[in-house]
Structure formats: structure tokens, C-alpha cells
Amino acid sequence: MYYHNYIDIELSKIKEIVKKADRIVFLGGAGVSTASGIPDFRSPEGLYNIRNNYGVSYEEMLSHTYFYEHMDQFYEFYWNTMVAKNALPNKAHKALAKFENSGKFISILTQNIDGLHQDAGSKRVYELHGSVRRYYCEDCMKFHKLDDIKQNGIPHCSKCGGILKPDVVLYEEPLTQAVIEGAIIEMKLADVLIVGGTSLNVYPAAGLIYDFGGSTSILINKEPTPMDARFDYVIRGDIGEVLEELLG
């Protein structure tokens, strides 16, 4: 079902707006990757609603403090839950990449850390929360790729032997300044904003919608969000199917 101020409308009208846009920005959340087998956080099947065997909340487990105080448990959980090496791009990732590769200007601001947008072929990707595919040594700052390190236990630097930390933004940590500044610029310059697969509950990523300087905003999500009223169009539906139709 498609809604505009709670009145049914034709998706073709929204599609025409997107087609005429000169510059589009897409802000995506965990719901973009669930069809690839990667669980989200807040849905009934999400991580926050699954029993945790470690006796602490997922927010605590994925925090800066927990990483340093319980590194063994952090990495045990991280390798088993957060890294999905066999995941493949789904309809949503492919639709966005196909749209960009057709010559359209679209930037992707993703809260996901799985790298699937790049696997699908998207090039203008801002990874707001980092990536499970990158690690850096806390001693010499050498970066390592996921495929170059052992994915069990605590990984160590191939150069100096120091401990490797995932290049992801943990709870209690700020977003990388250069990435957030780039994302804000994309928001300000775009004339159409598409937000999809996110509850818009995680800040500062959710707050980026306030930087949008264009004329038309579109939200695609299965469930209501606290920000629904801020969008010109709210679309209830599967993110992959909607993006295929919207960007096709």
C-alpha cells in the first residue's frame, strides 16, 4: 500500500519525480540487507529481540567499553553474528546500483556495515557506521582487509602484532568526521531524498534528514517510524520490490 498524507496514490507519480531528479540521495538502514540474510536490530526477528547468550544487551556488547573490557567475548560474538561473509546483494542493492550505472546521479548513505552496496556495483557509498571488511592496528595503524586476517579469536596485525579493531562505529563512539561531513553535503545538494529500511531511531544517522535541502522526500519502510510525518511520500512495502519499481 502506498500513502501520501494517508491517501492512496499511484506509485507512478513518485516514479516520475525520481526520473526527473538531477541528484538523488538514498539513506538506508538494516532493513536493506535483511533479504540477504543479515538480521536487523529492532524488528520482531531482529538482534534486540533474540535471546542473548552473553547476559548483556546487544548495545552493551557492541560498545566501545565492552570491546576493551571483554575482547574475547566481543570477538566471539562479532565473528558469529556481525560478519556474514557469504551474504550476497539483494533486490534493493541491485536496484540502486543499476540506477547509478544507468547514468543517474545517486549517492548512498548506509548505516549498514556489510559492504553489499559495493558488491552490487554502487560507487558513491558513504558507510556511516564503517565496514566489517576493514580492520586497523591500534599500535601502528596499518589497515587490514577481512580476507587477510583469521576470523576467530582476537585478530592481530601482520606488521607489528598489535591488536586489530574493526573499522566500525561502536556504541559510545562518534561517527568518522569526514564521512558525516560528506553525507551532510550530499543531503544538502540532492533534490530528491529516498529513505529506506530504517526505523529512523539511530542518531546521528537519522538526524541527517534534517540536512536535506531538496524538494521531495520519500520514505520506504514496512513499519511506521517516528519521522513519517516529515516525508512527502510514505511507502509501506518490501524495500527491494519498491526500489525495483521506483528506480526501474
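Observations
- A Förster distance of 25 Å, applied to the separation of the beta-carbon atoms of LYS159 and HIS64, puts the FRET efficiency at 0.55.
- In the chain, the longest principal axis of the Cα atoms and the axis of helix 11-20 are about 80 degrees apart.
- Percent carbon-and-sulfur accessible area, the chain, ignoring ligands, DNA and RNA, probe 1.4 Å: 49
- Segment 12-145: relative contact order as a whole-number percent, Cα under 8 Å and 6+ apart: 25
- Farthest toward positive dipole pole in the chain [+1 Lys/Arg, -1 Asp/Glu at C-beta], among ASN90, CYS137, ALA183: ASN90
- Across the alpha-carbon atoms of the chain, the computed radius of gyration and Dmax are 18.6, 61 angstrom.
- The chain - accessible surface per residue (Å², probe 1.4 Å): 50
- Compared with the dominant principal axis of the Cα atoms in the chain, helix 91-101 is inclined by about 70°.
- Among beta bridges from DSSP that stay inside segment 102-248, the antiparallel ones total about 45%.
- Estimated FRET transfer efficiency when R0 is 35 angstrom, pair GLU16-LYS123 (beta carbons, to 0.05): 0.85
- Mean residue ellipticity, 222 nm, helices only, the chain: the sum of -39500 (n - 2.57) across DSSP H runs of n ≥ 4, divided by residue count and rounded to 500, is -7000 deg cm²/dmol.
- Here the peptides 93-104, 140-151, 63-74 are ranked by packing, the mean other Cβ count within 10 Å, and the order with the highest first is 93-104, 63-74, 140-151.
- Straight-distance crosslink candidates among aspartates and glutamates, where the alpha carbon sits under 12 Å from LYS85 and sequence neighbours closer than 8 are dropped: ASP114, ASP119, ASP147
- Relative packing of peptides 124-132, 197-205 - highest average C-beta neighbours within 10 Å first: 124-132, 197-205
- Cross-link reach list, lysines versus LYS104, counting only Cα pairs under 21 Å and skipping chain neighbours closer than eight places: LYS13, LYS15, LYS19, LYS20, LYS91, LYS94, LYS123, LYS188
The values are calculated or read from the model by the stated rules, or taken from the named source; none is laboratory data. Quick caveat: nothing in here was measured; it's all calculated off a predicted structure. Please note: Cβ atoms are built from the backbone with ideal geometry, for glycine as well, and neighbour counts cover all protein chains shown. SASA here: full protein model, heavy atoms, side chains in, ligands and nucleic acids out. Shrake-Rupley method; radii C 1.70, N 1.55, O 1.52, S 1.80 Å.
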